[in-house]
Amino acid sequence: MLSATKDYAFSRDRVVAPNDLQFFNGFGGFTPDGKEYVIISRQDKPTPLPWINVIANKNFGTIVSETGSGYTWMENAHEYRLTPWANDPVGDPGGEAFYIRDEETGLFWSPMPYPCNGMSVYITKHGFGYTTFEHSEDGIFTETKVFVDCDAPVKFVSIRIINKSGRTRKLSATGLCGMGIGCASSIVHDAHCYRYRYGNGSSYCAKCIQW
């Protein structure tokens, strides 16, 4: 259960786009200090092509577009993809997704535009080593931050939730991903098998490929 914050009446149904962006082109621009590129995303006004951020350490990394679509790799971004990637600049599909769901009404949406775009605006901020997404839907504000560890092969997706609806809410957050473990989907999907082992909250996946 998520109790309402005291200041829920302030900007409860939308996030406010910054008005001081440098070199603004109708979709986004740089912050005055030049440390972030801010993109304003709407259902009816997507960017012309995916605008991405590459976040990586020396052996592990991820690509994140302004919609939240992307994939994750280990050691080699082409040969050792852990989650699927499609070279589709129009649809911008991805193999990783997150959802917020109101368990009382059944209403659900994504904290980033992909895959389940909410009704209001999203603010995407590409920075050095991270990307954040701000969104407000049905009185629920979310701030999602994507980054990787400086050294370890670990990707973090942190979702901060603030209840601005003025009433107690029962919400769930769900993340899922497709397992790629290889390069081109047409190759690795020929023959494969998965094994999962759960212990202490962790998972293990193995894949056998018939070439």
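The values are calculated or read from the model by the stated rules, or taken from the named source; none is laboratory data. Since the structure is predicted, the reported quantities are computational estimates derived from the model, not experimental observations. We place every Cβ from the backbone using ideal geometry, glycine too, and count neighbours over all the protein chains shown. Quick note on the areas: whole protein, heavy atoms, side chains included, nothing else; ligands and nucleic acids left out. Shrake-Rupley method; radii C 1.70, N 1.55, O 1.52, S 1.80 Å.
What to note about this one:
- For segment 69-78, a residue qualifies if it is out of contact with any strand residue (DSSP E or B) (no Cβ under 8 Å at 6 or more places or on another chain) and either among the acidic types (Asp, Glu) or touching a residue at least 60 places away in the same chain (Cβ under 8 Å) (or both), and exactly one does: His78.
- For segment 82-95, residues that are crowded, with 18+ Cβ neighbours inside 10 Å and small (Gly, Ala, Ser) total 2.
- Looking at Glu79, Glu103, just one residue is open to solvent by 50 Å² or more (accessible area, probe 1.4 Å), touching a Ser or Thr at 6+ places or on another chain (Cβ under 7 Å) and over 22 Å from Gly28 (Cβ atoms), and that residue is Glu103.
- When residues of segment 137-158 are limited to those that are charged (D, E, K, R) and assigned to a strand (DSSP E or B), the one surrounded by the fewest Cβ atoms within 10 Å (Cβ to Cβ): Lys145
- Qualifying positions in segment 77-136 - assigned to a strand (DSSP E or B), of a type outside the set (Phe, Trp, Tyr) and in contact with a helix residue (DSSP H, G or I) (Cβ under 9 Å, 6 or more places away or on another chain): Arg81
- Test for Met119: is it under 15 Å from the mean Cα position of the chain (by Cα) and either within 26 Å of Phe60 (Cα to Cα) or not β-branched (Val, Ile, Thr) (or both): no
- Selection of segment 115-135 for residues being surrounded by fewer than 24 Cβ atoms within 10 Å (Cβ to Cβ) and of a type in the set (Ser, Thr, Tyr) yields Ser120, Tyr130, Thr132.
Quick grid of which residues meet (1) β-branched (Val, Ile, Thr); (2) without any contact (Cβ under 8 Å) to a residue 60 or more places away in the chain; (3) farther than 17 Å from Val148 by Cα; (4) part of a loop (DSSP other than H, G, I, E, B):
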| residue | (1), (2), (3), (4) |
| --- | --- |
| Phe24 | no, yes, yes, yes |
| Tyr37 | no, no, yes, no |
| Thr47 | yes, yes, yes, yes |
| Pro50 | no, yes, yes, yes |
| Val64 | yes, no, no, no |
| Thr67 | yes, yes, yes, yes |
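- Check on Thr62, of a type outside the set (Phe, Trp, Tyr), at pLDDT below 95 and crowded, with 18+ Cβ neighbours inside 10 Å: no
- Extreme residue, nearest to Lys170 (Cα to Cα), among residues of segment 83-107 that are among the charged types (D, E, K, R) and within 14 Å of the chain's Cα centre (by Cα): Glu96
- Whichever residue in segment 122-138 is within 12 Å of the chain's Cα centre (by Cα) and among the hydroxyl-bearing types (Ser, Thr, Tyr) and, among such residues, is farthest from Ile40 (Cα to Cα): Tyr130
- Taking segment 26-35 as the range and being within 22 Å of Lys145 (Cα to Cα), assigned to a loop (DSSP other than H, G, I, E, B) and under 23 Å from the mean Cα position of the chain (by Cα) as the test, the residues that pass are Phe27, Thr31, Gly34, Lys35.
- Selection status of Ser165, of a type in the set (S, T, N, Q) and either part of a strand (DSSP E or B) or at pLDDT 95 or above (or both): no
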